[in-house]
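Single-structure report; data block below.
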Amino acid sequence: MNAIILYDALTSGGSTDRIIDAIGEELVKKGVYVEKAKTPPRADYGFLDEFELVIIASPVYNFNLSPNLVAAFAQSNLSESLKGKKIATFLVCGGPELTAEFLYMPQLSLRLIGQNIVAQKIFGLTEKSNPQSPITFANEIYQKVFAELPL
Ligand SMILES: Cc1cc2nc3c(=O)[nH]c(=O)nc-3n(C[C@H](O)[C@H](O)[C@H](O)COP(=O)(O)O)c2cc1C
C-alpha cells in the first residue's frame, strides 16, 4: 500500500502543509507508505508509476489553483502519468466550501477528465478549522483505495 501527495503552496507551514501532514500521518498509521512531492512545471512525472494512489492538493490564490500545479498540467507529462492511477484531490481555500465547489473545484476536475478520481474534498472556511476533517478524509480515501484489496 503506497501513496504520494502532490502539492504546491506559496507558503511553507501554512494550511496546505498542515492538512497534508494530517492526512499523511493518518494513512501511515494504517500501514500505507506515504511520500509527498511538489509539482514543478517541467518535471518528469514518470515516477508516479510506483504509486497506487496519488493525492493532488492545491491551495487557492486569487481565484486560481496553485500556479505551479496548473503549469505542471499544461507543460509536463503529469496527466499522462496519472492514467490508471487512483486519484484523490483536495483544495484549501479561505472562502466557504459551497462557493469553492462551483468556482475552484471545477478548475481541478477539468484537468482530470477521464481519470479515476476516488475522493474529493474542499477545506474552506468551515473545514479548515476542524482538526478532525483531514483525518476523516484520510479514512475515506483509505476505505476506497486500500481496505478492499485482496490479501
Ligand atoms: C494572496 C492570497 C490570495 C487568496 N485568494 C483566495 C481566493 O481567491 N479564494 C479563496 O477562497 N481563498 C483565497 N485565499 C485564501 C487561501 O486560499 C487560504 O489562506 C489557504 O489556506 C492558503 O493556503 P496556505 O495556507 O497553504 O498558503 C487567498 C490567500 C492569499 C494569501
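Since every read-out is calculated from the coordinates, none of them should be taken as a lab result. What you are looking at is a predicted structure, and each value in this text was computed from that prediction instead of being measured. Note that each Cβ is placed from the backbone with ideal geometry, even for glycine, and that neighbours are counted across all protein chains shown.
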Rh (Kirkwood; distinct C-alpha pairs) - the range 91-151, Å
12.9
For I5, residues with placed amide H under 5 Å, excluding near neighbours
E35, K36, A37, I55
Separation of the range 20-48 and the range 66-108 by C-alpha centroid, Å?
15
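Rounded to the nearest 20 Debye, what is the dipole magnitude of the range 39-91 about its Cα centre when Lys and Arg each give +1 and Asp and Glu each give -1 at the C-beta?
Dipole of the range 39-91, to the nearest 20 debye: 160 debye.
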Based on DSSP, what percent of beta bridges with both residues in the range 2-145 are antiparallel, to the nearest 5?
5
Note, the range 41-53: 3J(HN,Hα) by Karplus (6.51, -1.76, 1.60, θ = phi - 60°), whole Hz, Gly/Pro = x, goes x, 10, 6, 9, 8, x, 5, 5, 3, 6, 10, 6, 10
Could you size up the charge dipole of the chain around its Cα centre, putting +1 on the beta carbon of Lys and Arg and -1 on that of Asp and Glu, and report it in debye to the nearest 20?
120
Spin-label zone in the range 36-59 - amide nitrogen under 20 Å from a point set 7 Å from the Cα of D21 along the C-beta vector
36-39, 55-59
Taking amide hydrogens as modeled 1.01 Å from N in the peptide plane, which residues meet the under 5 Å criterion relative to N77, leaving out close sequence neighbours?
Y45
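Could you give the alpha-carbon Rg of the chain over 2.2 N^0.38 Å, rounded to two decimals?
Numbers: Rg = 14.3 Å, N = 151, 2.2 N^0.38 = 14.8 Å.
Output field value: 0.97.
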Membrane-span-like helices (DSSP H runs, Cα span along own axis at least 18 Å, mean Kyte-Doolittle at least -0.5) in the chain -> 15-29, 132-145
Counting alpha carbon pairs within less than 8 Å and at least 6 residues apart, what relative contact order, in whole percent, applies to the range 2-145?
27
Once amide H atoms are placed 1.01 Å from N in the peptide plane, what residues at a sequence separation of 5 or more from K86, or on another chain, have their amide H within under 5 Å of its amide H?
V54
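For Q143 and A71, what does the FRET efficiency come to when R0 = 35 Å and r is the distance between their Cβ atoms, rounded to the nearest 0.05?
Details: r = 33 Å, r/R0 = 0.94.
Taking R0 as 35 Å, the efficiency between Q143 and A71 is 0.60.
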